[in-house]
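In what follows, a single structure is set out as structure tokens and then discussed.
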Amino acid sequence: MPVLPSAHSPSLPVDPAPARVYMPQSASHIQALQRLEQRFQSMPPVAAMAPIIEGFDGQRLCVNAPLDLHVNDKGCAFGGSMVSLMTLASWGLVTMQVEAAGLDAGIYVADSQVRYLHPVYEDLRITAELAPSGGWDAFIATLRQRRRARISLVARLMLADGRLATDFSARYVAIAR
């Protein structure tokens with residue numbers, strides 16, 4: 001199983017999705033993940049969700065959270081928690097890409113859609129990535145030129161057995177500061 005460096009554990013084995021993610025352990029990636037984790041912890045509602053950044057491979061951001069903080073009255077994950085964590089993982093990915101391009105911008109979710117396919121009775125494992133219709137180069141070029149840009153992302157919450165539990169798509173807007 002691949003190893004995903006994170007701000008919590010530089011060698012924690014995880015399998016966040018059928019397509020496994022591996023991030024090279026460069027100092028710049030680790031520092032970027034640590035900055036993102038600090039941003040997560042600086043927002044009280046996010047800190048209460050206890051998200052754990054498990055890895056970033058340049059294209060996908062993996063975020064996990066313990067089920068025990070997100071349980072509903074049925075003993076499975078609360079839908080609001082799942083969509084919040086998927087929104088957060090996608091926001092984090094856009095934030096990482098903008099920062100990697102050397103830009104400073106506010107990142108906002110413009111709209112989103114979610115499908116709940118299976119109840120989740122285990123820790124939440126989310127992977128966010130660019131939607132098939134998008135491109136980071138065009139997004140960054142537009143942000144540089146027009147000082148605002150939008151991009152579509154997808155996030156998936158996968159079960160340990162490989163089934164897709166929750167599917168999320170959203171558009172994010174970046175506005176240069």
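The values are calculated or read from the model by the stated rules, or taken from the named source; none is laboratory data. Remember, predicted model here, so these are calculated numbers, not experimental data. Please note: Cβ atoms are built from the backbone with ideal geometry, for glycine as well, and neighbour counts cover all protein chains shown.
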Residues (among the hydrophobic types (A, V, I, L, M, F, W, C) and either in a loop (DSSP other than H, G, I, E, B) or under 21 Å from ALA174 (Cβ atoms) (or both)) located in the range 115-124: LEU117, VAL120
Number of the exception - ASP104 against (1) surrounded by 13 or more Cβ atoms within 10 Å (Cβ to Cβ); (2) farther than 19 Å from MET158 by Cβ: (1)
Given (1) surrounded by 15 or more Cβ atoms within 10 Å (Cβ to Cβ); (2) under 18 Å from the mean Cα position of the chain (by Cα); (3) under 15 Å from LEU93 (Cβ atoms), index of the condition ILE140 fails: (2)
Every residue from the range 125-163 that is touching a residue at least 24 places away in the same chain (Cβ under 8 Å) and either assigned to a loop (DSSP other than H, G, I, E, B) or farther than 23 Å from GLY58 by Cβ (or both): ALA131, ARG147, ARG148, LEU159, ALA160, GLY162, ARG163
Single match in HIS29, HIS8 (criterion: at pLDDT below 50 and not hydrophobic (A, V, I, L, M, F, W, C)): HIS8
All positions within the range 61-98 that are surrounded by fewer than 16 Cβ atoms within 10 Å (Cβ to Cβ) and either of a type in the set (Val, Ile, Thr) or modelled with pLDDT under 95 (or both): VAL71
Close pairs from the range 50-77: first in contact (Cβ under 8 Å) with a residue 60 or more places away in the chain and closer than 16 Å to ARG156 by Cα, partner aromatic (Phe, Trp, Tyr) and not in a loop (DSSP other than H, G, I, E, B), Cβ under 8 Å, at least 6 apart: CYS62/PHE56
Selected residue (only one of SER84, SER112 is without any contact (Cβ under 8 Å) to a residue 60 or more places away in the chain, part of a strand (DSSP E or B) and of a type in the set (Ser, Thr, Tyr)): SER112
